[in-house]
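Below: one structure, written as structure tokens.
The values are calculated or read from the model by the stated rules, or taken from the named source; none is laboratory data. Bear in mind that the values here come from a model prediction, so they are computed numbers and not experimental data. Neighbour counts run over all protein chains shown; Cβ positions are idealised from the backbone, glycine included. Surface accessibility is based on the protein's heavy atoms, side chains included, excluding ligands, DNA and RNA. Shrake-Rupley method; radii C 1.70, N 1.55, O 1.52, S 1.80 Å.
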Amino acid sequence: MSSSIFKLTSTSGKVKTLAGVFLLLLCIVPQTSVAIQESSPENTNQINPDDYLRCQAKFFNISKDGQYAYSLYKPSGTSRADLTIFSLDDQNELPETVTLKGFSKSNTAVKVSIKSDNIALPYENDRILIMRNKGVSIYSLGQKKIVKHIKGLNTNGIISKNQKLIQKGWYVKSTPLSPDKSPFQPAPLKQFFNKAPYQYMNIKTGDAWLETKDDAMVNLYYVSSQGQIFARTISSKDSNGQILQFRDDKNEWKDFLSFSQNNYIFPYFPDSFDNETMGEFYYIQKKHETDNDTKAETVTYAIVWANSLTDVKQKILRTKKKLNHVQFSAEGEEVLWAELNNQGTYENIYFDHNWRQKYTSLNPESTNRTRLLHFDKTGSKAVVETKDSDGGVRYAVYDISGKKPVEIRELCQQVTAKRPAAQQIKVTAQDGFQSHVIYLGPKKPEKGYILYIHGGPRSHSSPHYSATYAFLSDLGYGILSVNYRGSTGYGEEYIRASDHNYKGMVYDVLAAADWLINNRAQKPIYLLGASFGSLIAQSSIIAAPDKFSGFISISGLSDITNKDIYRATMFANKPVQQLKEIFTKDLPDISQLDETTKALLPPLNAREIKLPTLYIHGEKDRNAPIFHSEKMVKLLKENDQKTELYVIPNAAHSLECHQCREMMMRKIQDFLP
């Protein structure tokens with residue numbers, strides 16, 4: 001049935017991953033950690049699913065004390081997240097993953113971002129701040145538990161890793177964040193948040209850096225948690241730009257720096273304006289200059305350390321190469337790394353604490369692109385991301401305090417590097433309808449093909465690789481994903497083509513199988529159906545059993561005549577309506593269905609399923625309750641067919657936990673030859 005993890009579009013807008021459709025294959029959500037069952041020794045060609053899963057978080061950070069690295073992975077449409085903790089003191093200690101609850105299921109950033117980089121921030125020592133649906137939790141990485149939860153958080157905004165508020169509306173804190181005080185008290189800054197779409201706030205002090213926009217320029221303000229404005233921009237008298245001003249000791253505004261649209265600055269502030277750092281900040285400057293004679297234009301970038309009450313203290317870097325990224329130490333007081341783009345070639349500069357250039361690369365022999373993402377408090381350890389030209393990514397922690405950088409621990413090595421491009425294909429069903437399918441994987445796979453049928457049904461597969469696709473591809477299979485009629489993404493007419501036409505959806509799957517038979521090597525085809533896709537897949541076997549060699553059901557729907565599914569809370573609205581659109585408005589009564597459709601329903605025709613089957617189901621699935629799989633396995637065993645029911649304890653339909661995805665992958669690996 002319908003489940004948010006079947007939806008493919010990520011709210012980040014960057015990549016439409018298969019976390020919505022295909023991620024379901026390999027994730028089940030237990031209440032607590034689940035012991036991983038040992039893989040069967042029958043399959044000798046074992047690969048490690050964890051190698052494909054660990055980089056799914058795409059976000060790794062380090063504690064302030066430098067003793068732990070961690071990642072947080074929260075799939076869209078779920079209320080849980082996997083926090084994986086890596087010891088940096090004991091490299092032999094295996095990483096530990098704990099599942100946390102209480103996150104918003106929303107895919108929008110208003111309550112909690114699915115990107116994870118703005119819901120788990122280093123706070124102090126081994127503690128991190130975890131932004132959840134109804135407050136902030138202070139989590140100890142060393143104790144592996146929540147040590148305090150602070151309620152009353154206004155979750156109209158979320159702090160990102162760069163202290164950027166994704167949405168306007170977050171109150172500035174009037175008290176420091178400590179276990180004994182609630183930090184989220186309204187301060188006199190609400191007026192700014194009503195018109196400031198880009199906002200920055202210091203986690204501890206509540207000082208905020210606000211930007212407001214009008215038709216001409218961006219207006220900047222730096223405001224204390226008590227509402228006092230320390231810095232601002234005003235339009236210059238000639239209306240050709242702006243002036244950045246600061247308050248001096250006499251509380252009077254002083255001009256500091258002029259800039260325009262072509263010569264702009266981007267400031268970074270230390271922790272707060274206290275007596276020691278009064279007004280100190282760093283800014284990135286981009287300056288356009290045109291030669292009066294040749295009219296040639298040059299662009300100069302600079303990183304400048306300044307004091308608002310005096311003058312520029314030091315120009316840390318000045319270059320004509322494009323300045324892509326700058327990363328400050330954890331306290332925001334030092335620039336430790338900058339990335340330059342020299343006409344498509346990326347260069348790095350690493351600084352010591354005295355602003356001297358330390359080294360230009362963590363690995364001089366490598367041409368891969370490297371970025372320093374996060375630092376511990378002292379700036380001596382850093383989380384490093386390395387990307388190769390094939391699209392592979394690797395995360396590790398380095399010690400950058402010495403004369404040479406030293407890798408401390410690898411966090412993950414993504415194995416989805418360089419795959420064949422997806423092939424978009426149209427296939428024609430026996431009734432003349434053209435449906436869309438997507439082929440991913442090697443052109444000539446070693447073992448065979450997997451025909452993937454997504455759930456929904458109002459959902460669709462996307463032509464992007466996922467960890468799951470890479471895993472199955474490396475097992476030796478090509479994947480053909482079917483966007484049968486009724487899928488989204490191809491217009492309303494395509495969706496409505498499934499109305500009262502379930503058999504047409506089956507015809508589309510059979511057409512996809514025929515395409516494989518006619519256009520690829522004669523090798524086995526295995527069906528893999530998720531949720532509603534499991535129903536279609538079983539019907540396809542009943543319609544044409546000779547085309548397929550095996551079947552895997554993931555949280556599958558099988559029996560549309562069972563009255564219980566129509567009483568379940570999850571089916572009160574759209575899912576039931578979609579079933580009635582496809583079959584009949586009289587469901588669960590099927591007496592009005594045509595005989596062809598009745599002949600495709602799995603429970604009524606289980607005797608026609610004569611190939612090996614594996615039903616994987618969550619014990620506490622409320623969308624497609626486990627009785628769907630239990631009933632099919634019982635019927636198949638009565639007919640002496642080879643089948644197995646694999647139940648994940650405490651698991652729900654959305655299948656999101658890392659450990660359970662690993663269990664799923666191992667089970668699929670054992671089932672496939």
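Rounded if a/c is under 1.5, else prolate if a/b is larger than b/c, else oblate: which is the range 377-442, with a ≥ b ≥ c the root eigenvalues of its Cα gyration tensor? Walk me through the intermediate numbers first.
On the way: a/c = 6.13, a/b = 4.55, b/c = 1.35.
Prolate is the answer for the range 377-442, as a/c is 1.5 or above and a/b outweighs b/c.
For an R0 of 56 angstrom, estimate the FRET efficiency from the Cβ-Cβ distance between Asp514 and Asn341 and round to the nearest 0.05.
Numbers: r = 49 Å, r/R0 = 0.87.
Calculated value: 0.70.
Subtract the Cα-Cα distance of Glu644 and Gln413 from 0.36 nm times their separation in residues, and report this length gain in nm to one decimal.
Working: separation 231, 0.36 × 231 = 83.16 nm, distance 3.32 nm.
Here the segment from Glu644 to Gln413 would lengthen by 79.8 nm.
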> One-quarter of the Cα convex hull surface for the range 474-620, in nm²?
Replying inline: 10.0 nm²
> Roughly how many nanometres apart are two label points built 7 Å out from the Cα toward the Cβ at Glu124 and Glu630?
Replying inline: 5.2 nm
> Dipole size in debye (nearest 20) for the range 557-673 around its Cα centre, Lys and Arg Cβ +1, Asp and Glu Cβ -1?
Replying inline: 140 debye
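Given the peptides 363-370, 429-436, arrange them by the average over their residues of other C-beta atoms within 10 Å, most packed first. Write out the running numbers ahead of the final one.
Numbers: 363-370: 12.5, 429-436: 16.4.
Averaged packing, sorted descending, gives the order 429-436, 363-370.
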>> Could you check the spin-label model distance between Ser258 and Ser549? Points 7 Å from the Cα along Cα→Cβ, value in nm.
In response: 7.6 nm
>> Please list, by residue number, every one of the trypsin sites (Lys or Arg not before Pro) in the range 420-458 that is coil in DSSP and has at most 16 other beta-carbon atoms within 10 Å.
In response: Lys443, Lys447
> If you take the square roots of the eigenvalues of the alpha-carbon gyration tensor of the range 604-670 and sort them as a ≥ b ≥ c, do you get rounded (a/c under 1.5), prolate (a/b over b/c) or oblate?
Replying inline: oblate
>> Rounded to the nearest 10 Å², what accessible area does Lys585 have for a 1.4 Å probe in the complete protein model?
In response: 150 Å²
> Given H placed on each backbone N at 1.01 Å, which residues far from Tyr123 in sequence or on other chains put an amide H within less than 5 Å of it?
Replying inline: Lys64, Ile128, Leu129
> How many nm separate the modelled label positions at Lys443 and Thr561, each set 7 Å beyond the Cα in the direction of the Cβ?
Replying inline: 4.8 nm
